[in-house]
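Asks: I'd like to ask you about the structure that follows.
Please treat every number below as a calculation from the coordinates, not as lab data. Given the structure is predicted, the values throughout are model-derived calculations rather than measurements.
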Amino acid sequence: MSNNHDIENIENALVAFISERGLRKTPERFAILHKALEMNSHFEVDALHAAIENDGYHVSRATVYNTVELLEEAGILRKLSFGHNSSVYEVNRDNHIHLICKKCGKISEVENPGIVANLMRLKPEAFTPESFDVKIYGICSECSDSNE
């Protein structure tokens, strides 16, 4: 995550979300939140759990799964499926495009405000989009170069 102000805003959003639902503000939830914000790319829940454990903070796998679901419900994380394996998560930020290599499975992200603006203009009447997920499948340059 980029800066302390962003982290503080996300923490406040989580506090508000769990307070509205009458849930407890446990240290485990915030440890999981902070580690998820530190992840540099898309991550699976088991990788998040391993990263927390590697930091010496013990939390059950079930707690991590439940908290990730809670963070998704709160709009802090976004769940993605790229069709090649289990779901992955990312921090829910500006809309962007995913480029997925069909050979090696590498996932790259592209931010293109022009494409985003055009997609947002395509919305049907009586519908307010909150976010979108665009996936473009193809062959990355590394895999393409290895075929030559």
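Asks: Rounding to the nearest 10 and keeping the result within 0 to 90°, find how far the Cα-based axis of helix 45-54 lies from the longest principal axis of the chain.
Replies: Once rounded, the angle reads 50 degrees.
Asks: What angle do you read, to the nearest 10 degrees and between 0 and 90, between the alpha-carbon axis of helix 4-20 and the longest principal axis of the chain?
Replies: Result, in degrees: 60.
Asks: Taking a temperature of 20 °C and a viscosity of 1.002 mPa s, what whole-number D in µm²/s does Stokes-Einstein yield for the stretch 59-129 with Rh from Kirkwood over alpha carbon pairs?
Replies: The estimated diffusion coefficient comes to 147 µm²/s.
Asks: Would you mind checking Lys102/Lys135; Lys79/Lys103; Lys35/Lys79 for any pair whose Cα atoms are more than 18 angstrom apart?
Replies: From the list (Lys102/Lys135; Lys79/Lys103; Lys35/Lys79), the Cα-Cα distance tops 18 Å for Lys79/Lys103.
Asks: Continuing with this model, one more query. Of the DSSP beta bridges with both residues in the chain, give the percent that are antiparallel, rounding to the nearest 5.
Replies: For the chain, the DSSP antiparallel bridge percentage is about 65.
Asks: Please report how far the C-alpha centroid of the stretch 71-120 lies from that of the stretch 127-148, rounded to the nearest whole angstrom.
Replies: Distance between centres, Cα-based: 9 Å.
Asks: Right, something else. Give the Cα extents of the stretch 1-133 along the principal axes, in whole Å, largest first.
Replies: 44, 39, 26
Asks: Determine ³J(HN,Hα), in whole Hz, for all residues of the stretch 64-74 in sequence, where each value follows from phi through the Karplus function 6.51 cos²θ - 1.76 cosθ + 1.60 and θ = phi - 60°; x replaces Gly and Pro.
Replies: 5, 4, 5, 6, 4, 4, 4, 5, 5, 4, 6
Asks: Another question, if that's okay. Please tell me the relative contact order of the chain in percent, rounded to the nearest whole number, where contacts are Cα pairs under 8 Å and at least six residues apart. Before the final figure, lay out the partial values.
Replies: Numbers: 143 pairs, mean separation 25.7, N = 148.
RCO, the chain: 17 percent.
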